[in-house]
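A.B. asks: Right, I'll just put the structure down here and ask away after.
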Amino acid sequence: MTSHGEHASHSSDRFSGSKRRLGIALGLAAGYMVAEVVGGLLTHSLALLADAGHMLSDVAALGLSWFALWMAERPPNARKTYGYYRMEILAALVNGAALVAVAIYVFIEACERMLQPLEVQGGPMLAIAAGGLGVNLLSLAVLRGVRDASLNLRGAWLHVLGDSLGSVGAMMAGALIWGFGWQWADPAVSAAIGALIVYSAWRLLSESVAVLMESAPRGIDVDAVEAALRAVPGVLSVHDLHVWTITSGMDSLSAHVVAEDHGPSAPLLGDIRRILAARFGIHHVTIQIEPEGFDERAVCRNSTL
């Protein structure tokens, strides 16, 4: 069975090549986010400010991904036996709440702009949004080689892809204002980008809460896991089965397995681990092998006498 320290070492080795790519993408996103804020204020474009708010979700996602890889390199200790993996989840929860606040601000501003339109400079807005799209496309290219390395990295790549759509929206608003003078396009597109922010934030919040509540990981059918364990030769029954996520891409399982009394348990444990890894992608496993008729509650009661 793999120890916590070995798991952290394996994670560090696996993602060591991804940190540099994430760092580059994070720098690009953060730099142009600042440029969009400045450009939005100078051109009076709420769409640019909204797109900057959506790019904030990319910065948060990329930063959390990089932070998770960095923390994975730190070994667990006697007080933090799982290491610092859950800090990623706590940070995601805070960022999700902040993104919802940004979206609410954008919606309020969009309503006010609809009622009292403000003159927006369409040409500069279009140019700045085009630059944002270029930065996003460059970030997508940087992350393309590692996007399938883990769910965490895949999520970061999808955040950047979503922001690319936001930049396209801001470009459309700039073009409509520049070409036709449709000032309403700015708040309308802003509201649409705000909806993208809410979508990203909601996914971030729901997944963070699910991890903190130790819910079964998305995509893993616990009933199917139990059926697979019961089908292993030598297994009579399974109880106290738990499947949860420690952090993004790190699922864990613990279970009590009642086995036939036919000698050493090492071969049975090997079969169980191979099935869990091959069929469900679960590698962090704790299995308690019990003989038939074993009453754990009776043992516990006797130990307190």
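A.B. asks: Could you grab me the full set of residues in the range 106-121 that are closer than 29 Å to Val209 by Cα and touching a residue at least 40 places away in the same chain (Cβ under 8 Å)?
C.D. replies: Residues satisfying the conditions are Val106, Phe107.
A.B. asks: Give me the pairs: first residue in the range 179-198 and assigned by TED's automatic domain parsing to the domain that holds Gln116 and in contact (Cβ under 8 Å) with a residue 24 or more places away in the chain, second residue among the aromatic types (Phe, Trp, Tyr) and assigned to a helix (DSSP H, G or I), beta-carbon distance under 8 Å, and six or more apart or on different chains, which are they?
C.D. replies: Final answer for the pair search is Ala191/Phe107; Gly194/Phe107.
A.B. asks: With the requirement that a residue be out of contact with any helix residue (DSSP H, G or I) (no Cβ under 7 Å at 6 or more places or on another chain) and touching a residue at least 12 places away in the same chain (Cβ under 8 Å), what does the range 75-89 give you?
C.D. replies: Answer for the range 75-89, where residues must be out of contact with any helix residue (DSSP H, G or I) (no Cβ under 7 Å at 6 or more places or on another chain) and touching a residue at least 12 places away in the same chain (Cβ under 8 Å): just Arg86.
A.B. asks: While we're looking at this one, here's another question. Which condition does Ala35 not pass, out of (1) part of a helix (DSSP H, G or I); (2) modelled with pLDDT under 70; (3) not aromatic (Phe, Trp, Tyr), if it passes all the others?
C.D. replies: (2)
A.B. asks: A further question on this structure: Within the range 72-123, how many residues are over 24 Å from Ala156 (Cβ atoms), of a type outside the set (D, E, K, R) and not in a loop (DSSP other than H, G, I, E, B)?
C.D. replies: Total satisfying the criteria: 10.
A.B. asks: Continuing with this model, one more query. Inspect all residues belonging to the range 171-188 and state whether any of them is under 29 Å from Met87 (Cα atoms), surrounded by fewer than 16 Cβ atoms within 10 Å (Cβ to Cβ), more than 16 Å from the chain's Cα centre (by Cα) and of a type outside the set (Gly, Ala, Ser). Step through it out loud before you land on a result.
C.D. replies: At the first step, the residues of the range 171-188 found to be under 29 Å from Met87 (Cα atoms) are none.
Taking every residue of the range 171-188 in turn, none turns out to be under 29 Å from Met87 (Cα atoms), surrounded by fewer than 16 Cβ atoms within 10 Å (Cβ to Cβ), more than 16 Å from the chain's Cα centre (by Cα) and of a type outside the set (Gly, Ala, Ser).
A.B. asks: Being under 30 Å from Gln288 (Cα atoms), in contact (Cβ under 8 Å) with a residue 60 or more places away in the chain and crowded, with 16+ Cβ neighbours inside 10 Å is true for just one of Glu226, Glu207. Which residue is that?
C.D. replies: Glu207
A.B. asks: If the Cβ limit is 6 Å and pairs must be 6+ apart or interchain, which residue in the range 230-251 that is assigned by TED's automatic domain parsing to the domain that holds Ala277 and among the polar types (S, T, N, Q) pairs with which residue that is crowded, with 21+ Cβ neighbours inside 10 Å and assigned to a strand (DSSP E or B)?
C.D. replies: Short answer, once both residue conditions are applied: Thr245/Asp251.
A.B. asks: If you don't mind, there's one more thing I want to ask. So Leu48 ticks every box in (1) under 15 Å from the mean Cα position of the chain (by Cα); (2) at pLDDT below 75; (3) aliphatic (A, V, I, L, M); (4) over 23 Å from Pro217 (Cα atoms) but one. Which box is left unticked?
C.D. replies: It is condition (1) that Leu48 fails.
The values are calculated or read from the model by the stated rules, or taken from the named source; none is laboratory data. Small disclaimer: the values here were computed from a predicted structure and weren't measured. Neighbour counts are summed over all protein chains in view; Cβ atoms, including those assigned to glycine, are modelled from backbone coordinates with ideal geometry.
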